[in-house]
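The next block holds one structure in the form of structure tokens; read it before the comments.
The values are calculated or read from the model by the stated rules, or taken from the named source; none is laboratory data. The structure presented is a predicted model; accordingly, all values stated were derived computationally and were not measured. Cβ sites come from the backbone with ideal geometry, for glycine too, and all protein chains shown count toward neighbours. Note: accessible area is taken over every heavy atom of the protein model, side chains too, but ligands, DNA and RNA are not part of it. Shrake-Rupley method; radii C 1.70, N 1.55, O 1.52, S 1.80 Å.
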Amino acid sequence: MASYLTSTTLIESVKRRAAIPESQSTFETDDFLAFANEEISIGILPTMMQYHEEFLVYSETIPLVANKSSYPIPHRAVGSKIRTMFYQDTSGNLQEMARINPEDLPYYQSSSSANRHVEYYIQNNNVVLVRTVGDSVSGSLVVTYYLRPNQLVSSDKVSVIQSINRTTGDISVNRVPSTFNLVDTVDLLQTKGGHRTYVMDLSLTGLNATTKVVTLSPGNIPEDLVVGDVVALSGECFIPQIPDDLHSVLAQRVAARCLEAQGDREALNAANAKLTEMEMKMGNLIDNRSEGNPQKVVNLRSPLRGGNARRGGRRGV
């Protein structure tokens with residue numbers, strides 16, 4: 001038996017918890033999934049992030065472009081925020097970057113070091129490099145951020161992989177949903193071991209509903225992709241992209257939402273009491289992901305490490 005819930009088994013769990021009869025007409029499948037997506041966003045996700053255990057952290061490399069100093073924060077970043085950002089030179093070496101406040105820009109305006117991008121500020125949904133990028137530019141920005149979990153949809157809207165031809169890019173699946181087309185993009189999703197997103201926003205090069213084959217550029221198929229994994233429209237999934245151990249907590253939160261919507265106060269109080277118990281113990285499941293090894297703390301800004309000298313200082317550098 002799987003340790004995780006799919007959109008189908010999640011709804012079954014919710015119905016058991018809230019004693020919702022199969023014959024009821026109050027909630028449709030989309031209603032249950034809408035509740036689940038809201039509870040992931042407003043309940044589960046903030047709890048996961050508060051432990052700072054690197055859940056949902058993804059990295060993206062953005063090549064610097066001549067005469068372009070402003071770069072958008074990845075559109076799927078939770079809260080439109082980044083976790084860290086580094087400058088990477090052409091040899092692959094990473095340089096720590098520092099965020100400054102926009103009101104401190106006058107202190108840096110005399111900076112003259114070419115192609116040494118170590119400070120940035122945030123403006124709207126962009127990161128802006130303090131040192132202007134000119135005609136001659138090299139290197140990249142390496143941005144890490146918390147990837148927003150995909151939205152839960154019913155299982156008939158995703159494809160489960162049956163075989164992979166890495167030479168032609170043909171991927172045989174159990175079904176080609178009617179929502180798939182060559183205009184929209186897809187995500188490749190892991191089924192076991194974390195339900196992570198392997199690759200996102202890929203364009204399909206072929207689609208055949210009769211033979212149940214979707215085709216991608218072979219170079220876009222990750223090595224980790226295996227039979228049993230999932231092809232879904234970008235931003236969608238059918239397994240909650242949170243640790244398996246939190247799936248029951250999600251089901252309990254959705255059950256409480258259903259009881260609230262029905263106005264069953266007595267059952268709601270009991271459901272919330274159980275939810276409180278589950279959430280009190282949730283930290284034991286997801287906190288301290290490497291108990292046997294103490295985390296090494298490095299003071300990058302100590303005097304022995306050069307302090308501000310590592311960042312190039314301010315005016316005139």
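Numerical summary
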| read-out | value |
| --- | --- |
| Label-to-label distance, nm, for residues given as Ser172 and Met49 (7 Å Cα→Cβ offset) | 4.2 nm |
| Signed unit charges on C-beta, dipole axis of the range 1-80, positive-most listed residue His52, Ser23, Ile42 | His52 |
| Links that overshoot a 23 Å alpha carbon limit, given the list Lys157/Lys212; Lys15/Lys212; Lys15/Lys192 | Lys15/Lys212; Lys15/Lys192 |
| Computed over the range 1-119, Cα set: Rg, Dmax in Å | 22.8, 72 |
| Antiparallel bridges, percent of DSSP beta bridges restricted to the chain (to nearest 5) | 90 percent |
| Å² per residue, accessible surface of the range 47-95 at 1.4 Å | 56 Å² |
| The range 130-257, relative contact order in percent, only Cα pairs under 8 angstrom and at least six apart counted | 30 percent |
| Probe 1.4 Å, accessible area per residue of the range 218-257, Å² | 30 Å² |
| Whole-number D in µm² s⁻¹ for the chain, Kirkwood Cα-pair radius fed into Stokes-Einstein, 20 °C, 1.002 mPa s | 95 µm²/s |
| Heavy-atom accessible surface of the chain: percent carbon and sulfur, 1.4 Å | 47 percent |
| Distance from the range 193-216 to the range 113-179 (C-alpha centre basis), Å | 15 Å |
| Ratio Rg/Rh, restricted to the range 184-246 and using Cα atoms, in which Rh is the Kirkwood radius | 0.98 |
| Calculated [θ] (222 nm, deg cm²/dmol) that DSSP helices of n ≥ 4 give over the chain, each run adding -39,500 (n - 2.57) | -6500 deg cm²/dmol |
| Value of relative contact order over the chain, rounded to a whole percent, pairs C-alpha under 8 Å and six or more apart | 22 percent |
| Contour excess over end-to-end distance, with Cα ends at Val128 and Ser25 and 0.36 nm allotted per residue | 31.9 nm |
